[in-house]
1. For the stretch 104-223, what does the relative contact order come out to in percent, with C-alpha contacts under 8 Å and a separation of six or more?
2. Relative contact order, percent, of the stretch 306-382 when contacts are C-alpha pairs under 8 Å separated by at least 6 residues?
3. Taking only protein heavy atoms and a 1.4 Å probe, what accessible area per residue, in Å², does the chain have with all protein chains in place?
4. If you take the beta carbon distance between R47 and R355 as r and set R0 to 35 Å, what does 1/(1 + (r/R0)^6) give as a FRET efficiency, to the nearest 0.05?
5. Between the stretch 215-233 and the stretch 90-152, how many Å separate their Cα centres?
6. For every other residue with a beta carbon closer than 11 angstrom to the beta carbon of R173, add +1 if it is Lys or Arg and -1 if Asp or Glu, then tell me the sum.
7. Percent of accessible area on the chain owned by carbon and sulfur, 1.4 Å probe?
8. For R346 and V372 in the same chain, what is the full-extension length gain: residue separation times 0.36 nm, less their Cα-Cα distance, in nm?
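The values are calculated or read from the model by the stated rules, or taken from the named source; none is laboratory data. Computed from a predicted model, the values in this text were never measured in an experiment. Note: ideal-geometry Cβ built from the backbone for every residue, glycine included; neighbour counts use all protein chains shown. Ligands, DNA and RNA are excluded from the accessible area calculation, which covers all protein heavy atoms including side chains. Shrake-Rupley method; radii C 1.70, N 1.55, O 1.52, S 1.80 Å.
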Amino acid sequence: MPDKTFLGWPFFDERHRVLAAGIESWCASNLPCADADVYAACRDLVRKLGRDGWLKHTAPDPGGAAPLDVRALCLIRETLARHDGLADFAFAMQGLGAGPISLLGNADQRHWLARTRSGEAIAAFALTEQKSGSDVANIVTNATRDGNGYVLDGEKTWISNGGVADLYVVFARTGEAPGAKGISAFIVPGDVAGLSVAERLDVISPHPLARITFDHVRVGATSMIGAPGDGFKIAMATLDVFRATVAAAALGFARRALDEALKRVRDRRMFDGTLADLQLVQGAIAEMALDVDAAALLVYRAAWAKDSGAARVTREASMAKLFATERAQRVVDKAVQLHGGDGVRRGHIVERLYRDIRALRIYEGASEVQKVIIARQMLAGA
Ligand SMILES: Cc1cc2nc3c(=O)[nH]c(=O)nc-3n(C[C@H](O)[C@H](O)[C@H](O)COP(=O)(O)OP(=O)(O)OC[C@H]3O[C@@H](n4cnc5c(N)ncnc54)[C@H](O)[C@@H]3O)c2cc1C
């Protein structure tokens, strides 16, 4: 049984405990999913998560006033990740993809949220380019003013849900100033003329992922989120919120690895006892438990701070992401070690976790980038 004592921490309200029990029982009935075809599996997961109301947590109600509940997002991601990385991915992208609209979209643009919250529309967040991943202020995809709209030309890569999304938020250079201040954010429907998949990308933990091309893609001026030149700020504000949820997914992977390790060491007989009797093994278990609890504290501190009205949680979210993803990798690696040969057998749960966790240390800002962000915040006295 996964440790649930953290739900008693003061970060949570009663509704969060009810939510945690609900998503746990949904996972028990619906996961793991069949993932031979990750594209079909993701479509199916989005449909089911929408049907059963879970996607409502990925964006605010367009007709209501309530903001995003980041603790709810984190609890759901943690639980989904503990059961099935692909389910977490399907849920998370609805939030990240629609995130700029949730946070800064106008009333007209927010109609998209009704569709992403129901699972009717799949969302994607298109920022990264081949030559600008970490150095994102240098993107070159261009948006040229043309009559009462813009024309987008360029290429984005590593786009999760690329090729399956109904809605892309695309960051492109509009040229108000060099670098970060000359980027704007656009809502681009997935079926628009000129948008195509140049390549599907296969990774160690597969999910829908592609390099996509914009060849004279025409969008109306009303598809711009915020003002011209606001794109970089919008991307960063979105990542501020969703980075804490990446940390929550890492926490879910780590908790699952710890649970699997506990089962294994209790059951595995050797040297006239069990693996759990060995003090070096107990040391590993203690370190894993410590990493999990410390990560959880950082994750839910960041989420609670945002929910409590903080305008930005840059430092808290970066700390949570850096610590939770790095430590989850370590926890999963220990779980693999404690499973011996079984741990590296293809298809074993800890082997899957070993692959699932790796990309989280790279995307939404690599670990080194998080360190730079944290240091800048500290040096600025934030
Ligand atoms: C599975 C997956 C899904 C993704 N999904 C999306 C998506 O949906 N949308 C999207 O826009 N992008 C997405 N990305 C892209 C992701 O955000 C980038 O891969 C990431 O920002 C790193 O950029 P890069 O790959 O170009 O690596 P680079 O920028 O070339 O960086 C390589 C390495 O350099 C090091 N490094 C970088 N900066 C510094 C620094 N300041 N100091 C020291 N070392 C540094 C880090 O170790 C980093 O990993 C995804 C990536 C992956 C792997």
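1. Details: 251 pairs, mean separation 32.3, N = 120.
Relative contact order comes out at 27 percent.
2. Working: 50 pairs, mean separation 29.9, N = 77.
After rounding, I find 39 percent.
3. Numbers: 16490 Å² over 382 residues.
In whole numbers, the chain has 43 Å² accessible per residue.
4. Details: r = 25 Å, r/R0 = 0.72.
With a Förster radius of 35 Å, E is 0.90.
5. 9
6. On the way: positive: K181; negative: E129, D153, E176.
With Lys, Arg at +1 and Asp, Glu at -1, the neighbours total -2.
7. Details: 8980 of 16490 Å².
Accessible surface attributable to carbon and sulfur in the chain totals 54 percent.
8. Details: separation 26, 0.36 × 26 = 9.36 nm, distance 3.60 nm.
The span from R346 to V372 would gain 5.8 nm if fully extended.
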